[in-house]
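Chemist: Sharing a structure here in C-alpha cells format.
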Amino acid sequence: MKQQTFSDIEYSNRRKKTKREEFLDAMDEMIPWDYWVNLICPYYPSGKRGRPPKNIEAMLRMYLMQNWFNLSDAGIEDAIYDSYAMRCFMHLDFFTEQVPDATTLLHFRHLIEENRIGEKIFADVKARLEKAGLMMHGGTIVDATIISAPSSTKNKEGRRDPEMHQTKKGNQWYHGMKVHSGVDAGSGYVHTITGTSANVHDIDETAKLIRKDDEVAYGDSGYSGADKREEIRNDEHLSKIEFRTNKRPSGIKVPDSYKGIKWDKQIEKRKSSTRCKVEHPFLIVKKQFGYAKVVYRGIAKNMNRFHILFASANLVMCARAGRSRDFCMA
C-alpha cells in the first residue's frame, strides 16, 4: 500500500468528494489498465537509446484526462499540478517524479493517433460490455450529430480545413464534420461510430452502422427510405432489416380535432421512446466532455478522439447504471 503524505491525510478529512473526484475514481476502477497498456506497448519507445521514456500507464492516464476535460497539452499539465483529484488519478508522488510535460504528451498523442489505438480501446470496451451481458443484440438505433469546425481563413495556409464542409440544418448553416453512431436499441451503449464531412447525408452511412445480427433499425425522419438504398437492398442481410423510422410531422394526416385514438401519433411516440437512447451518448460527449467543436485538423485525428470519448461514454453509462462490477468481472 502506498504511504500517505501529509496532503493525503489532510484531504481524507474532507466532508465530501467533488464530482470530478467521483468520476475519476469510477473510471480508475473500471478501466482495464494492464490490457490498454499492452495495446500501446508494441509501438512505444523501448528506451534503449536516448532519454528513458515515461511510464506508459502514466502517459495514458494523462491522455485520457486531456480528452475527458477537453484541455490542451499544456492545459492538462497545469491542471494536474493544480488539482489534487487529478494528481491522485495519475498516481504521482512529487517527491520522486513530476508531471510529464506538454511536449511529451504531444508525442504520445501522435503515437496513439498514428497506430489507431482509439479504435482498439473502443472495441475493447464494446467486447467487455458484450461479454458481461450488458449489451444486447437484435436492434440498432442510428443517428448523426454535427461537430462544428473553425470557419475562419486567418491561419498559416489561408484556408479552411479541406476535409470539413458546410451543411444546412433547419434554417442554419454549419461548417464541420458529422459523427454517425449505431447504438444498441436495448441498452443504449454505442457499438459503432463513423466520421464524415458535414455535407454527407445521414442515410449514406446507415449500412455501416448496422450489426450482422440486427433485425430492426430505428432512426429519425432523415433515414426515411433507407430500405430503398442500393447498398441495403442488394445485401442479403440488410435487405431483411425492419426499418422503424419516424415520420415527418407533415406525414401524419390525423387532424388535431379528431376525438378518437390517434394511432399514428401513438406509434410515432413508441418509436421515439426507443430512438431517444441514441441522444444520451451525444449528450455525454458534447456536454460532459465538452467536445462540441473539433480540436484537430482532419477527420482521422478527430475520429481517434471520438473513439476514446464514446468508449468513455459507454463506461460512464455503465457506472451510472450501477453495473461497474459486472463490467470489471468480464
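Chemist: Could you grab me the full set of residues in segment 279-300 that are more than 12 Å from the chain's Cα centre (by Cα), assigned to a helix (DSSP H, G or I) and surrounded by 17 or more Cβ atoms within 10 Å (Cβ to Cβ)?
Modeler: ILE299
Chemist: Does any residue of segment 40-49 turn out to be at pLDDT 95 or above, surrounded by 15 or more Cβ atoms within 10 Å (Cβ to Cβ) and in contact with a Ser or Thr (Cβ under 9 Å, 6 or more places away or on another chain)?
Modeler: The answer is no; no qualifying residue exists.
Chemist: Determine if segment 158-167 includes at least one residue that is within 25 Å of ASN246 (Cβ to Cβ) and at pLDDT below 95.
Modeler: Checked against the condition, which is being within 25 Å of ASN246 (Cβ to Cβ) and at pLDDT below 95, segment 158-167 yields at least one hit.
Chemist: Determine whether segment 40-59 contains at least one residue that is charged (D, E, K, R) and within 28 Å of MET317 (Cα to Cα).
Modeler: yes
Chemist: Looking at (1) on the phi > 0 side of the Ramachandran plot; (2) in the same structural domain as VAL190 (by TED's automatic domain parsing); (3) of a type outside the set (D, E, K, R), which one does GLY322 not meet, given that it meets all the others?
Modeler: (2)
Chemist: Right, here's the next one. Listed residues LYS240, LYS253, LYS212; which is without any contact (Cβ under 8 Å) to a residue 12 or more places away in the chain, loosely packed, with under 14 Cβ neighbours inside 10 Å and in the same structural domain as ILE147 (by TED's automatic domain parsing)?
Modeler: Going through LYS240, LYS253, LYS212 in turn, the sole match is LYS253.
Chemist: Do you know which residues across segment 117-165 are of a type in the set (S, T, N, Q) and surrounded by 14 or more Cβ atoms within 10 Å (Cβ to Cβ)? Show your work before the answer.
Modeler: Going residue by residue through segment 117-165, those that are of a type in the set (S, T, N, Q) are 140, 145, 148, 151-153, 155.
Within segment 117-165, THR140, THR145, SER148 qualify.
Chemist: Looking at segment 246-278, which of its residues are outside any helix (DSSP H, G or I) and out of contact with any Gly (no Cβ under 9 Å at 6 or more places or on another chain)? Give the steps one after another, and end with the answer.
Modeler: Residues of segment 246-278 outside any helix (DSSP H, G or I): 246-248, 252-262.
Result: LYS247, ARG248, ILE252, LYS253, PRO255, ASP256, SER257, TYR258, LYS259, GLY260, ILE261, LYS262.
Chemist: Might you let me know whether segment 75-94 holds any residue that is in contact with a Ser or Thr (Cβ under 8 Å, 6 or more places away or on another chain) and in a loop (DSSP other than H, G, I, E, B)?
Modeler: Yes; the residues of segment 75-94 include at least one that is in contact with a Ser or Thr (Cβ under 8 Å, 6 or more places away or on another chain) and in a loop (DSSP other than H, G, I, E, B).
Chemist: Is it fair to say GLU22 is exposed (fewer than 14 other Cβ atoms within 10 Å of the Cβ), more than 21 Å from MET329 (Cβ to Cβ) and acidic (Asp, Glu)?
Modeler: yes
Chemist: Which one is farthest from CYS41 (Cα to Cα) among residues in segment 91-116 that are crowded, with 20+ Cβ neighbours inside 10 Å and among the hydrophobic types (A, V, I, L, M, F, W, C)?
Modeler: Restricting attention to segment 91-116, the residues satisfying the condition of being crowded, with 20+ Cβ neighbours inside 10 Å are 99-100, 105, 108-109, 112.
Filter once more, keeping what is among the hydrophobic types (A, V, I, L, M, F, W, C): 99, 105, 108, 112.
Numbers: VAL99: 20, LEU105: 16, PHE108: 12, ILE112: 11 Å.
Applying the filter and picking the extreme gives VAL99.
Chemist: Identify, from the list LYS262, LYS247, LYS178, the residue that is within 23 Å of ALA292 (Cα to Cα) and free of Cβ contacts under 8 Å to residues at least 40 places away in the same chain.
Modeler: The conditions single out LYS178.
Chemist: VAL125 - would you say it is in a loop (DSSP other than H, G, I, E, B) and either farther than 30 Å from LYS169 by Cα or not hydrophobic (A, V, I, L, M, F, W, C) (or both)? First the steps, then the outcome.
Modeler: Details: in a loop (DSSP other than H, G, I, E, B): no; either farther than 30 Å from LYS169 by Cα or not hydrophobic (A, V, I, L, M, F, W, C) (or both): yes.
Spelling it out, it is not the case that VAL125 is in a loop (DSSP other than H, G, I, E, B) and either farther than 30 Å from LYS169 by Cα or not hydrophobic (A, V, I, L, M, F, W, C) (or both).
Chemist: Out of everything in segment 186-205 that is touching a residue at least 60 places away in the same chain (Cβ under 8 Å) and in contact with a Phe, Trp or Tyr (Cβ under 6 Å, 6 or more places away or on another chain), what residue ends up being nearest to THR145 (Cα to Cα)?
Modeler: This residue is ILE193.
Chemist: Okay, next question. Can you work out which of the residues in segment 138-187 that are of a type in the set (A, V, I, L, M, F, W, C) and part of a loop (DSSP other than H, G, I, E, B) is farthest from the chain's Cα centre (by Cα)?
Modeler: Applying the filter and picking the extreme gives MET164.
Chemist: Is at least one residue of segment 140-147 more than 28 Å from SER197 (Cα to Cα), of a type in the set (Val, Ile, Thr) and in contact with a Lys or Arg (Cβ under 7 Å, 6 or more places away or on another chain)?
Modeler: No; the residues of segment 140-147 include none that is more than 28 Å from SER197 (Cα to Cα), of a type in the set (Val, Ile, Thr) and in contact with a Lys or Arg (Cβ under 7 Å, 6 or more places away or on another chain).
The values are calculated or read from the model by the stated rules, or taken from the named source; none is laboratory data. Nothing here was measured: the structure is a model prediction, and the numbers come from that model. Ideal geometry is used to build each Cβ from the backbone, glycine not excepted, and the neighbour counts take in all protein chains shown.
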